[in-house]
Each structure stands twice: as C-alpha cells, then as structure tokens.
Amino acid sequence: MFPPFPEEEALAVCRDMAVQLDAGILELEQLTPESAERGGQGIMLGAMVCRDSGGRTVLLKTVSGISRALRPAPGLSDPGSVYVPPVADAAKISRALAQNDGAIHALTDKINACKKARRRSDGRCDEPGAAEAALRRQRAALTAQSLDAVFSLYSFHCADGCVRSLREICGRRLPPVGTGDCCAPKLLDYAFARSLVPVSMGELYYGRSSGPKRSGTPYPPCDARCALILPRMLGLHIVYRDDDILVVEKEGGVLSVPGRGPEKQDCVVNRMKRLFPAAIGQPAVHRLDMETSGLLVLAFTADAHRELCRQFEKGRVRKRYSALLDGVLDCAPGLCAPKAGQECGRMELYFRLDVGNRPHQVWDSVFGKKAVTEWKKTAVQQYRAPDGSVRPATRISFTPHTGRTHQLRLASADLHGFGIPIVGDSLYGSCAPGERLLLHAEYLAFTHPRTGAFLEFKSPPPF
C-alpha cells in the first residue's frame, strides 16, 4: 500500500525510538503471555507527527500488535509524546476467543486422530472420509464465529468524523487475523478521534529479522490488512502521492468535485483538502462522473495544476476505461456497432447538453461537440446481477481522445454509437437496486509536472 502521508519526519521519530529501546530509555511491556513460537520476534514501530487545532506539534507513538505496548522506562517520562494503545483491548479479545477455544481444540484432536488412522504403512495417506470432512467444517464454523466476535470489538474513527466498525468497513468479507492491530490504523484512529491533522506517518521494523523484514528498515502500511481499512478511514484510496500531485482511485458514487448545495459537498476534492489542508483551493485537474470509479489525479500546488491542465488540453494524458455493456455487442442496434468479426474500432460522435433535461446529453450533428473514442472488445461474459439473475454482457476497453461529458456512456448507449448501455447506467440505461455503473478508469499516464518523469498507473476494474 502506498504511504498515505509523507514519511520523513515520522521515520526520524521511529529511529529515535529504536535507539531509545536499545538504551533502555523506552521499553516494550508484555501485555499478554508470550507464545513459544513468537518469542523474541521483532515488532513494527510506528510514529505520526500531527498538528492540533492551535498549530502545535503532537507526536504519536505506537507498536504493532496487541501483545506488547511501548512506554518510557520506569522513572522516566516523555512529555512531548503520546503512546497510543491498541484499538481493541487485549483482555476483551482473549475473552471472545475463549468462548470456542475448548471446542476448537477438541475438534482439532479428533481431526488429528482421523489423519493418523488413515495413514498407511508406506507413509502415504488415504483421502479424508466424510466424518473427518464434517469435523473440519465444524471447526471452520467455530473459528469464523470466534473471529467475528473478535472483530466486533474494533471500531475506527475516520477523517470525516464518523466512527465505523470493522464489519462495516470490510462488509461480508472476514478480514485476516490481526486486521486493525498494525501501527497505521492505531495512529489514524487516535488522531481522528481528537481532530489532529496528520503531517507525517511512518513505520520501522525493530528487533530480530523475520522473513523479508530487517531491523531498522522502514516499511509502508501492509497490503494484507491496512489496505482493507485505511482507504475507508481516510476517505480516499491513495495510489500515489508526492509534494506536487495526488493520484487516487475514486470509488463509484462519490463526486469528483463539489456540486451546488450542502448535500453535494462530499467529494474527492474536499476529502483531499481535509487530509492535506495545505493543498491549493482548487486541486482538481480533471473529473470522473459520480458513478464512475477509477484513477484520478489532483494537484497540490498551483504550478503542478497549471502543467497538468496543459497536458490534458494538449491531449498528452493517456486514459483507458473498462466497461461492461448490458448485452452482446455483435447484436447491437447502433450505427457504430461492430461488423462481423470486428473486434476494435474508432467512433466520432456529436453531443450537447439537453438544456431541459440536465445533465443528459443529446445527439446534435450541427451544434454538438465532437467526441472521439477508440474501443476494443475484450470478452463476452455472463453478468450476475444483485438479484442473482444472470445475463450476457460485453467487456469493452475504451480509449477516449476527447473529454466530453458522458462521452463513454453515450458511445455505449446512444443509437449513433453501440446502442447498448453500460450495466447500471441510471441516465442512459437502467440501474437495478444494488447495481452501480460498471465503468472504471483503469489506466492513467502523464508526465510529472515538476520532474518531467513519465508516470503511469493501473487499477484493475472491480467488476
């Protein structure tokens, strides 16, 4: 996962923490009994540099996991720092696990006995029987029940002021064990609960090397656990960030820029400015329709904004979208529908705003603006709707060469285009309960506005 905030200041704090641990100025308190297999393992040190409402610096410090806590050695103090505890109390977690612990161990003993019984004299094993399979299912159900009880103890303060449970964040998925116990969610939860503004956040591995991790080496938030919850806590899925630009993966249903009225102020731009108050007032360089998901670049500085806008105006930014059309393209009624065997093509269409029916666009060959789109059919597949029904759909890769309003939605739905709307298009097709527009900005490439380096970003479609 890409580090959501600059790391330099926080990593300097982490290195000081490592030195202080070696010198005995700081110590790791053991909160739970240490298991034999985890004895002597290293740990992640995490730090966050924040600003409070008065502009004062606040240092947050923590460690990963729930079994150990960082604190000054007895008789010493650290008045400039806050030592952040775990999000969930270790004792409550132990009680939640204890409810099924005995039954799980008993089932494990029975499963091991079954495995021993089917071991043959030549050392090989017969296939497990129905009885052993049933025992395994019982153990899996109890384990899932225990994990669900543990995860119900986790709630996180988010950048928008809301408190979200781990269940709400992860939905129906059962997250990996330890989700919420890394340094980053602890630090963010503490900061957002107290209206602190993060300035820098970093993590450093300390102790005996473990697998690829080496003591004294910094690491970003992990993909396995942090990437599940940090985007919801931050309000943004940050793909890339430096001093000049921010690249995010916008979720469907979120505005790119604010609209008119208080109900349309929640958007990518305002979420960015909430996390990064020093950003310019108008950081948006381009936008995606509210229902469209995918890659979006924004600027932190006026110079970066000016240069990126110039690249968009000159057509030097490369974009590609993935869409799922609601039907089979070979049978499409539109004028630009492919001929037999045609797998790709290019279309030039003309649309303008339907003034009496905003925000719809209508075909107008005289006053409409030209929209140029290349397309490629990549697959015909079965689409499973939220109600469980299944119907054929066509996956299309779109490369727009202009940036007209609703360009790809019209290229799909209008009879001058394919004549088949994108699945979930509430404006030009139909959107059933639980559906979303299946249009995703999967590729974005441009020249860095300050360094001149060529940057490209990819985001697999979530459908």
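The values are calculated or read from the model by the stated rules, or taken from the named source; none is laboratory data. Being a predicted model, the structure only gives us computed values, none of them experimental. Glycine gets a Cβ as well: all are built from the backbone with ideal geometry, and neighbour counts include every protein chain shown. With ligands, DNA and RNA removed, areas are computed over all heavy atoms of the protein, side chains included. Shrake-Rupley method; radii C 1.70, N 1.55, O 1.52, S 1.80 Å.
Axis of helix 183-193 versus longest Cα principal axis of the chain: the two differ by about 70°, to the nearest ten degrees. Evaluating kT/(6 pi eta Rh) at 25 °C and 0.890 mPa s, with the Kirkwood radius of the range 195-250 over Cα pairs in the Stokes-Einstein relation, gives 182 µm² s⁻¹. In the frame of its principal axes, the chain has Cα extents of 80, 66, 40 Å, reported largest first.
Computed over protein heavy atoms with a 1.4 Å probe, the carbon and sulfur contribution to the accessible area of the range 245-403 reaches 51%.
What is the Rg over Rh value, at two decimals, for the range 283-407, using alpha-carbon atoms and the Kirkwood definition of Rh?
1.01
Packing, as the average of other Cβ atoms within 10 Å across residues, places the peptides 264-274, 98-108, 185-195 in the order 185-195, 264-274, 98-108, highest first. Within a straight-line Cα-Cα reach of under 30 Å, LYS369 can be paired with the following lysines, leaving aside sequence neighbours fewer than 8 residues apart in one chain: LYS250, LYS264, LYS314, LYS319, LYS339, LYS377, LYS458. Label-to-label distance for ARG71 and ASP52 is 2.3 nm, based on points extended 7 Å past Cα in the beta-carbon direction.
In the range 333-463, one over the average inverse separation of all distinct C-alpha pairs is 16.3 Å, which is the Kirkwood hydrodynamic radius. Taking a straight line from the alpha carbon of LYS115, these aspartates and glutamates sit under 16 Å away, with near neighbours fewer than eight places off in the same chain left out: ASP126, GLU127, GLU132. Model label points for VAL163 and ASP243, set 7 angstrom from Cα along the Cα-to-Cβ axis, are 3.9 nm apart.
Straight-line reach from LYS213: taking Cα to Cα under 20 Å and skipping same-chain neighbours fewer than 8 places apart, the aspartates and glutamates in range are GLU7, GLU8, ASP16, ASP22, GLU37, ASP181, GLU203, ASP223.
Rounded if a/c is under 1.5, else prolate if a/b beats b/c, else oblate: with a ≥ b ≥ c from the C-alpha gyration tensor eigenvalues square-rooted, which is the range 182-313?
prolate
Helical content alone sets the calculated 222 nm signal of the chain at -8000 deg cm²/dmol, taking -39,500 (n - 2.57) per DSSP H segment of four or more residues and averaging over every residue. Each peptide among 122-131, 450-459 gets the average number of other Cβ atoms lying within 10 Å of its residues, and from highest to lowest they stand as 450-459, 122-131. Fully extending the segment from ARG119 to TRP363, taken as 0.36 nm per residue of separation minus the present Cα-Cα distance, adds 80.6 nm. Rolling a 1.4 Å probe across the protein heavy atoms gives the range 398-460 an accessible surface of 39 Å² per residue.
Given in Å, the Rg to one decimal and the Dmax to the nearest whole number for the Cα atoms of the range 235-312 are 11.6, 32.
Per-residue Karplus couplings for the range 207-219, computed as 6.51 cos²θ - 1.76 cosθ + 1.60 with θ equal to phi - 60°, are listed in order as x, 4, 4, 9, x, x, 7, 10, 4, x, 9, x, 9 Hz, Gly and Pro entered as x. Over all directions, the projected convex hull of the C-alpha atoms in the range 122-195 averages 7.3 nm² in area.
Multiplying the residue separation of GLU343 and SER94 by 0.36 nm and subtracting their alpha-carbon distance yields 83.8 nm.
Between ASP387 and ALA23, the C-beta separation translates, for a Förster distance of 56 Å, into a calculated FRET efficiency of about 0.35. Spin-label pair THR108-ALA131: with each label point 7 Å from Cα along the Cα-Cβ axis, the two points sit 2.2 nm from one another.
Entry for the range 38-189 at q = 0.13 Å⁻¹: log10 I(q)/I(0) = -0.78, Debye formula applied to identical alpha-carbon scatterers, no solvent contribution. Here the peptides 228-234, 409-415 are ranked by packing, the mean other Cβ count within 10 Å, and the order with the highest first is 409-415, 228-234. Working note: Cα gyration tensor of the range 1-110, eigenvalues times five, square-rooted, sorted largest first, giving semi-axes of 33, 17, 14 Å. Annotation: per residue accessible area for the range 277-362 equals 53 Å², rounded to a whole number [probe 1.4 Å, protein chains only].
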